[in-house]
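J.: Let me give you the structure first, and then I'll get to my questions.
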Amino acid sequence: MTTIELPNETPLSPLRFLQRSAEVFGQKTAIIHGGRSYTYRDFAAEAQRLAKVIKSRIQPGDRVAFLCPNVPELLIAHYAVPLAGGVLVALNSRMTARELQYILEHSEARLLFADSELLRTVAGLDLDLTQLLEVVEVPDSTISY
């Protein structure tokens, strides 16, 4: 069997999938959370916006940790971090301080985004034992950058 390669055919990666969804289904709803909703175009734009913020703070291959409940910002991070050249370390918001400490120490994360409601837990960690350069608050699970 012969394989025919089409000139516009590109392997579908998660980042390409989001880009393609924004192009094809731009006005369709991608995310609904509480009273908020995002179209695919909005979703891709938010991922691009967050990626620019992250890229300005990390080197390629750096790990970026997110400590948020299951909110749109965490989903956006799944696309924004690799788009910025980083590796996502998604932290479960139900972890104990000891578990978070262990993961932050061993993941070598350089940047931590934390939901404002979870900052008290972060404040109890010994961040000197980690390689974190910065902790960024995600206020009320709505990032503004």
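J.: With Ala114, Ala77, Ala45 as the choices, which residue is more than 23 Å from Ser13 (Cβ to Cβ) and modelled with pLDDT of 95 or more?
T.: The unique qualifying residue is Ala114.
J.: Turning to a different aspect of this structure: Working only within the stretch 55-69, note down all residues that are touching a helix residue (DSSP H, G or I) at 6+ places or on another chain (Cβ under 6 Å) and surrounded by fewer than 22 Cβ atoms within 10 Å (Cβ to Cβ).
T.: So in the stretch 55-69, the residues touching a helix residue (DSSP H, G or I) at 6+ places or on another chain (Cβ under 6 Å) come out as 63-64, 66-68.
Residue satisfying the conditions is Arg63 alone.
J.: Still on this model: Could you give me the residue pairs with C-beta distances under 9 Å whose first residue belongs to the stretch 84-102 and is closer than 17 Å to Val53 by Cα, whose second residue is among the β-branched types (Val, Ile, Thr) and outside any helix (DSSP H, G or I) wherever it lies, and which are 6+ apart or on separate chains?
T.: Between residues of the stretch 84-102 that are closer than 17 Å to Val53 by Cα and residues that are among the β-branched types (Val, Ile, Thr) and outside any helix (DSSP H, G or I), the close pairs are Ala84/Ile58; Ala84/Val64; Gly85/Ile58; Gly86/Ile58; Gly86/Val64; Val87/Val64; Leu88/Val64; Val89/Val64.
J.: On the given criteria, is Ser116 on the phi < 0 side of the Ramachandran plot, polar (S, T, N, Q), surrounded by 14 or more Cβ atoms within 10 Å (Cβ to Cβ) and touching a Pro at 6+ places or on another chain (Cβ under 6 Å)?
T.: Answer is no for this residue.
The values are calculated or read from the model by the stated rules, or taken from the named source; none is laboratory data. Predicted model only: the values in this text are computed from it and were never measured. A quick note on method: Cβ atoms are made from the backbone with ideal geometry, for glycine too, and the neighbour counts reach across all protein chains shown.
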